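Single-structure report; data block below.
Derivation of every value follows stated rules applied to the coordinates shown; laboratory data play no part. No experiment lies behind these values; they were computed from the predicted model shown. Don't worry about glycine lacking a Cβ; one is built from the backbone with ideal geometry, like all the others, and counts go over all protein chains shown.
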Amino acid sequence: MNRDINKDCTAFNPPISMTDDGRYIHVIINLPGVAEEQIRIDLEKTTCTVCIQEEEKLFKKAIQIPGGARVFKKKFSDGILEIVLDKPSP
């Protein structure tokens, strides 16, 4: 049976820390047991959404960010996802 993945979307609440150093916003998310290829990051207006695909389930976490921010870099190591967002110029 082929099911629509989006209907099976589940919100999840992983531990997150966010810091702002003036130029960049650093988002650190603990994702133990998740493989890098299971992770997708979507950026839209003021929301950064982290999606984790596990077999037929999709987990999403929406994080509020400043408008105009964009992904500068991302790194995943030992179950820790770090997303660095470039803030828009004032």
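Odds and ends about this structure:
- Burial ordering of 29, 39, 80, fewest other beta-carbon atoms within 10 Å first: 80, 39, 29
- With 10 Å bins from 0: P(r) over region 5-86, alpha-carbon pairs, percent: 18, 53, 26, 3
- Between residue 62 and residue 11, the contour length at 0.36 nm per residue exceeds the Cα-Cα span by 17.5 nm.
- Annotation: amide H of residue 65 within the under-5 Å range of 47, 48, sequence separation 5 or more or interchain, hydrogens built in the peptide plane.
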